1. Report yes if THR732 is in contact (Cβ under 8 Å) with a residue 24 or more places away in the chain, assigned to a loop (DSSP other than H, G, I, E, B) and in contact with a Lys or Arg (Cβ under 8 Å, 6 or more places away or on another chain), otherwise no.
2. Take the conditions buried (at least 17 other Cβ atoms within 10 Å of the Cβ) and under 26 Å from THR567 (Cβ atoms) and apply them to VAL449. Does it pass?
3. Do the conditions hold for PRO584, that is, is it under 17 Å from the mean Cα position of the chain (by Cα), touching a residue at least 24 places away in the same chain (Cβ under 8 Å) and in the same structural domain as THR842 (by TED's automatic domain parsing)?
4. Answer yes or no: is there a residue in the stretch 490-499 that is within 16 Å of VAL458 (Cβ to Cβ) and not in a helix (DSSP H, G or I).
5. Residues in the stretch 464-489 that are within 12 Å of VAL513 (Cα to Cα) and assigned to a loop (DSSP other than H, G, I, E, B): how many?
6. Which members of the stretch 195-228 meet the condition of being over 19 Å from ALA157 (Cβ atoms) and in contact with a strand residue (DSSP E or B) (Cβ under 7 Å, 6 or more places away or on another chain)?
7. Given ARG707, ARG703, ARG673, which one is closer than 30 Å to VAL722 by Cβ and surrounded by 15 or more Cβ atoms within 10 Å (Cβ to Cβ)?
8. Looking at LEU399 and the list (1) farther than 30 Å from ASN475 by Cβ; (2) modelled with pLDDT under 95, which single condition is not satisfied?
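The values are calculated or read from the model by the stated rules, or taken from the named source; none is laboratory data. Nothing here was measured: the structure is a model prediction, and the numbers come from that model. Virtual Cβ from ideal backbone geometry, glycine too; neighbours counted across all protein chains shown.
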Amino acid sequence: MSAQLSVYGTIGKRQRVIANHIEFKKYKEGEIFQYDVVLKPDKGEFKKPPRPEFSRAVFEEGMRVHRNSKLKNIPLVYDGRKIAYASKRVCGKNETLNLEVKHKEDGRESILVIQLCEAAVIDASSITRFIRGESGMEFADIQPALNALDTAIGTVARKDMVGFGRSFFTGAQSIQVGGGLELWRGFSLSVRPGIDRLYLNVNTAVTAMYVSGELLQTLMDMLNVRDPFRLRDQLTPQSIRRLDSYLRGLELVLGHRGIRGNRRLVAKCLTKLPLDKETFEWEDPSKPGSAKKITIAQYYRRRYNVDLSHPYLPGILSTRGAIFPIELCTVAERQRFRGKLDERQTADMVKFACQRPHENMNRIIEVLQMLDLDASPLIKSFGISLNRRLAEVESRVLLPPVVKYDQRSRESSLTPVGGAWNMRNKRVTTPGMPLKHWAVLVLANQRHVPVNMAQNFVKVLVDMCNQTGYHIIENRPPIIHGNPNADIVREMRRACNAIKLPSNTAPQLLLVVLPSMDAHIYQTIKNCAYTTLGIQTQCMQSKHMQRPNPQYCANVCLKINAKLGGTNQCLDQLHLQKLLHKKPTLFFGCDVTHPAPGETKPSIASVVGSTDFMGLRYAATLIQLPSRQEIVDRLEDAVVRHLKLFFKGTKTKPQHIVFYRDGVSETQFSQVRDRELIAIQRACLSIEKGYKPEITFLAVLKRHNTRFFPIGRDGDRTGNCVPGTVIDTSVTMPNFFDFYLFAHAAIQGTSRPTHYYVLQNGVGFTADEMQQLTYHLCYTYAICTRSVSLVPPVYYAHRVADRARCHLVNMGIGFEEATSASSGHYGGAGVSTSAQTGDPSTVSKIIKTHDRLDGSMYFM
């Protein structure tokens, strides 16, 4: 994957920054032995794989008991599931080593057997060849060796902390955030290749954990009641859904005087009936053949001599179908919450995690001192020795672009300082369709937002839009009050009907005033607008109506202008065309979003493509994918559509395509690049025989743990790297064309750069051109007067994917309902062969929004 041109930039002010990387002084370069690990009870088999914590405890016991005998004093490290690593051979190639272990847990002792069998011999010197840039090597080639080193280092960290993958946490500084959850601090550890160096990447982390303790008390706290009897009264359908969401997948410990030790179970949900009403057929062991129907409460009295204190409460239904009393269950310790936090919990997490860069760096240094990895015999057995200081690397600060507005503006062009500017004395570059047919739907209480208040806000909004260069013809739109608890679709239709529309004319915009940021109402509005009415909507909270803020109105104006076909700001055209080698260029952004853990809903791919020469206006295409699939099926259809839309907007075929692809891990680069590049090429050839525009394909990684800290006074007011900071040496990938870019100014916390990998360089960009182009595009995000952290095509793709998930899947709208198989450029919503099964999570197809929104930036 080597680049033909230099992959290192030269322009910009040079300065040193500190990376959260520790350089390896040495590491094992010989053979590392990988073993398959199978845990078995001495009799029978496990019905399901044991918990990683249980497996690790058994494995550690086996290492302790057999270290001096069968293991020949050779340390092994274990991933908690199926794989162990050793720096020397523990047993012969075709031999199975059996280690018998007595293990005691929850008051019960069991005898287990650990089976070790050699699975692979890893050549750790592959790391050295990779970091030296040996041609033909892929990241996947060194992944086994990196996994072995990660497991060794993680084993040391796990001794004092709770580990999940490569992240480790402690409850020493935890805070409770309600809902049975608390936040823990921790850090992540991962071995990363650099250029001629190997590094240990260390970053701070925060996670949500279940609060351990009595389950009954937790559920009472969640519903804010003090008495179990009151808990029964609070079990409304809404509160039951909330409790079920909390319980799903939760590990509980059942303990009472009728059983030996403690039993563990995994909760599924609450039972529909209380325990004194929930019945089943039971045969008393002392009276064989006398099965009879009894309640759960009666069963516990007869079977275990336990009188339940709260039989009027429902029970816990486990994943195995058994029912257990809430009062006898406790929440097991050290469990990570993988569900979705509510709005308040999310705000608490952001506040808890938010640390200034110097605080973050100091915590990383403290963590390294605490771990003292070099002192560990286990680490030494893998030949690892680390520096004690964080690495310093070279960076460059690129100049910001010139941002332009309409020539009639008092300030028609400017060079932003610190990644931000304002709209004062400026008019939008291109106004959208003048607003004539629109209405205001107020879903807030009429006492809180009376008609005169709404009229006053509309006046300020109209004035601001006209000052900003976007023309509103109808300055007194109808204002309709609706009921947020009624049929929202009917209320929206009523507001649309209040507009005096000429025949065959649809409303251009519906301004919807919400009582609060209610997700359900918002989703319903957008779903109706996108799939049924085909109108642009602009939602706002009622609090903004009370005292109209000109700045807020200006922001609303930018959104409306973008939705109705306008552009708000642009870059200098001559400079942009120079960066693009003076070739008409179609910009793409692509993202794939997946369902929450445990769900089998489809994944959604969003593809956005520019429709003008400047990369300012975009249209969107949505593709439904089989659940959790990363490769984008039907990409060829989407690209064909966007090629046609680009030609429609510019009367020119693109000679160059720049495709920014988000959501791909480093191990998937080759697969995604090869398959999706072929889809793009096929799309071009299907437009016209011999049509082969140059293609530049970039992978975009935002979710990574690399951070950089400026030295001395080189940072901005928050202590972060200034916008335009780019790092393309030392900690980047050898044999790749990649770079880290800070395109934005952080408002709080520690800034995270975006990592860009150029996987195909069709037009022959130099590093300077690619870095400048990507950075300068970050100043064109349609609704911001700030540079953004992510290149806008990908940012737009995120918005589109989130809307699709929100408005089509979660709302229960079937894709068949929202998809038209016979609609023009969508070319028939074809389905993959797996669609024959009828399982919606296995279907690949284009998702259709309403025709009237086609080609617009409805997602802003």
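1. No: the conditions fail for THR732.
2. Working: buried (at least 17 other Cβ atoms within 10 Å of the Cβ): yes; under 26 Å from THR567 (Cβ atoms): no.
When the stated conditions are applied, VAL449 does not pass them.
3. Judged against the criteria, PRO584 is not a match.
4. yes
5. Count: 3.
6. Listed by number, the residues that qualify are ARG197, ALA208, TYR210, VAL211, SER212, GLY213, GLU214, LEU215, THR218.
7. ARG707
8. (2) is the only condition that LEU399 fails.
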